[in-house]
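For reference, the structure is listed below as structure tokens.
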Amino acid sequence: MSRLEGKIAIVTGASSGIGRAAALLFAREGAKVVVTARNENALAELADEIAREDGEAAALAGDVRDEALHEALVELAVRRFGGLDTAFNNAGALGAMGEISSLTIEGWRETLDTNLTSAFLAAKYQVPAIAARGGGSLTFTSSFVGHTAGFAGVAPYAAGKAGLIGLVQALAVELGARGIRVNALLPGGTDTPANFANLPGAAPETRGFVEGLHALKRIAQPEEIAEAALYLASDGASFVTGAALLADGGASVARG
Ligand code: NAP
């Protein structure tokens, strides 16, 4: 059974990692996908891969901090595919890191713009289009970091990711009567360039440390997180809204 048959989706952060895996999975499950990120070449490659699998994708490169991008993505979904049913607003970045006194206001703002303000901008343009189809869903990629776990040196990122959960709760209530479900997806450590363990210059022992934080004693593959995003986007989650869905390999409950 194709779980997104006939649906039209936007996936942000689709050039890499979780977003790329989700775009491929959504297309395999029958969705027509509009994909975005800044890396135009990676997006074109993704769109080709989806086309080779007989899926349908449209790519538009841009920065999620740019309001005009969000308007253009929705316009593209409507013009090319006829509307919008679901959005996986997944783009994000660790951003400015360091001890609090060392952080600049520019770094703070940039990190919040990428991880949180981008979500506001996405919803602002996506909601009317989804409402015009009689309902649908929005999913935002948050993190266990900032919700069930604190780590030193990532205050702007943690604040942004925690802020998404507040946004999701407010929008779930605001939009429920219009048939729009709104959820946060909270991955645990995932094997992408954004993981602490894969950052340039990370100490070799960091990977073992990150794996050990999880009850499953490993980090996720992006495809495993994409499955959770698919669930939230699909009718299988028809009564799930306002949720913060942990797909964190037990990182939130592990104590050794
Ligand atoms: P990733 O492979 O680095 O992917 C991040 C994606 O976001 C890329 O496609 C990147 O594309 C895009 N992006 C970043 N800043 C952007 C900007 N300003 N404008 C447009 N696109 C932007 O990392 P990932 O792990 O898949 O990250 C996906 C989401 O999961 C993020 O929100 C991240 O915070 C969250 N997350 C990750 C982990 C983990 O351990 N990996 C854990 C919890 C949550 P371009 O660079 O091409 O623009």
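Some observations on this one:
- Matching residues in the stretch 6-49 - criterion: being near the ligand (Cβ under 9 Å from one of its atoms), surrounded by fewer than 23 Cβ atoms within 10 Å (Cβ to Cβ) and not in a helix (DSSP H, G or I): SER16, ARG38, ASN39
- Qualifying residue in the stretch 139-158 (condition: within 13 Å of the ligand (Cβ to nearest atom), in a helix (DSSP H, G or I) and open to solvent by less than 10 Å² (accessible area, probe 1.4 Å)): yes
- Exclusive hit being within 11 Å of the ligand (Cβ to nearest atom) and free of Cβ contacts under 8 Å to residues at least 60 places away in the same chain, set ALA197, ALA228: ALA197
- Residue-level check: of (1) basic (Lys, Arg); (2) crowded, with 17+ Cβ neighbours inside 10 Å; (3) out of contact with any helix residue (DSSP H, G or I) (no Cβ under 6 Å at 6 or more places or on another chain), ARG207 misses just (3).
- Among the candidates GLU110, GLU106, residue that is within 16 Å of the ligand (Cβ to nearest atom) and loosely packed, with under 15 Cβ neighbours inside 10 Å: GLU106
- The residues listed here are GLY62, GLY55; of these, the one that is near the ligand (Cβ under 8 Å from one of its atoms), touching a helix residue (DSSP H, G or I) at 6+ places or on another chain (Cβ under 6 Å) and of a type outside the set (Lys, Arg) is GLY62.
- Set ASP248, ASP191: member being of a type outside the set (Ser, Thr, Tyr), modelled with pLDDT of 95 or more and open to solvent by 40 Å² or more (accessible area, probe 1.4 Å): ASP191
- Qualifying residue in the stretch 52-59 (condition: open to solvent by 60 Å² or more (accessible area, probe 1.4 Å), in a loop (DSSP other than H, G, I, E, B) and free of Cβ contacts under 8 Å to residues at least 12 places away in the same chain): yes
The values are calculated or read from the model by the stated rules, or taken from the named source; none is laboratory data. These numbers come from a predicted model, not from an experiment. Glycine also receives a Cβ, built like all others from the backbone with ideal geometry; neighbour counts cover every protein chain displayed. Each accessible area value is taken on the protein alone, full model and side chains, heavy atoms only, with ligands, DNA and RNA left out. Shrake-Rupley method; radii C 1.70, N 1.55, O 1.52, S 1.80 Å.
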